[in-house]
Structure formats: structure tokens, C-alpha cells
1. Given (1) of a type outside the set (Val, Ile, Thr); (2) in contact with a Cys (Cβ under 7 Å, 6 or more places away or on another chain); (3) exposed (fewer than 11 other Cβ atoms within 10 Å of the Cβ), identify the lone condition not met by SER128.
2. How many of the residues making up region 63-111 are exposed (fewer than 12 other Cβ atoms within 10 Å of the Cβ), of a type outside the set (Phe, Trp, Tyr) and in a helix (DSSP H, G or I)?
3. Kindly indicate whether ALA51 is closer than 16 Å to LEU4 by Cα, in contact with a Gly (Cβ under 6 Å, 6 or more places away or on another chain) and of a type in the set (Gly, Ala, Ser).
4. Applying the selection to region 79-99, what residues are at pLDDT below 90 and more than 20 Å from VAL49 (Cα to Cα)?
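The values are calculated or read from the model by the stated rules, or taken from the named source; none is laboratory data. Bear in mind the structure is a predicted one, so any value in this text is a computation, not a measurement. Note: ideal-geometry Cβ built from the backbone for every residue, glycine included; neighbour counts use all protein chains shown.
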Amino acid sequence: MAHLGFTPQSEHALGGYRVQGRGAAADRMIEDAQALQAAGAFAVVLEMVPADVAKRVTAELDIPTIGIGAGPDCDAQVLVWSDMAGMNRGRKPRFVKQYADVGTVLLDAARRFSTDVTTGRYPSEEHSYS
């Protein structure tokens with residue numbers, strides 16, 4: 001599976017979350033996608049790519065495209081589950097839609113656990129073996 005567009009490991013080198021494939025880079029992205037297909041890729045992830053470019057790439061390829069911040073015309077969609085579930089704090093890319101706030105629930109649980117341990121309420125006799 002190939003990956004075009006933004007790559008999270010390049011976030012700092014790019015200066016943050018930056019859309020890839022705008023302007024003249026769009027044609028290059030299409031060429032790269034075709035080359036990846038020719039090299040044997042079975043699918044291409046398109047991340048943070050303008051929707052019109054992702055639509056063009058999808059139309060040009062025989063293999064599926066999987067979008068993550070690449071508009072509605074890819075063959076499939078994906079989100080990082082920890083983003084989708086609200087586990088990550090701080091700035092989120094525009095394409096992230098948060099479906100839950102699991103992060104707040106987990107943070108509250110961790111704080112309650114810490115308090116119980118530091119005050120001696122946990123573990124208690126009921127949580128111990130004889």
C-alpha cells in the first residue's frame with residue numbers, strides 16, 4: 001500500500017500539517033500515483049490532498065484510493081482511531097472529525113486511580129488475594 005500527500009513523520013520538516021499537491025504539484029502527484037500503481041501498489045492512501053486532486057488521482061488509477069483528508073471521491077475513507085475518538089489533545093488537522101471524547105474519560109479515570117493509590121484507597125482488601 002502506497003502513501004501520497006502529507007506523511008505524519010514529516011510534520012516537523014514541513015512546518016506542521018500542510019496540504020500537499022496544490023498547484024503544479026498536483027500533476028506530479030498524479031504521475032507519482034501512476035508510478036506506484038505500475039510498481040505494484042495494491043492501493044494508495046491520499047492524505048491531506050485537495051479534494052479535486054484526489055478525485056483526479058482516483059479516476060486515473062485502477063487500484064483503490066483511500067482518503068484521509070482528501071475529500072469524498074476516494075474509493076474508501078480512514079481516520080486515525082485516536083483522533084476520531086478524541087484521545088489526542090491539541091491542534092487537529094481540519095479533516096479530523098471527532099466522534100467521541102474518550103480522552104476526557106480516560107484522563108478522569110487516570111486521575112481517580114492516582115488519587116486512590118496515593119491516598120491508600122486502592123488496592124483495598126477486596127482487590128487483594130488471601
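1. Here SER128 meets the rest and fails (2).
2. Final tally of qualifying residues: 5.
3. yes
4. Answer for region 79-99, where residues must be at pLDDT below 90 and more than 20 Å from VAL49 (Cα to Cα): ASN88, ARG89, GLY90.
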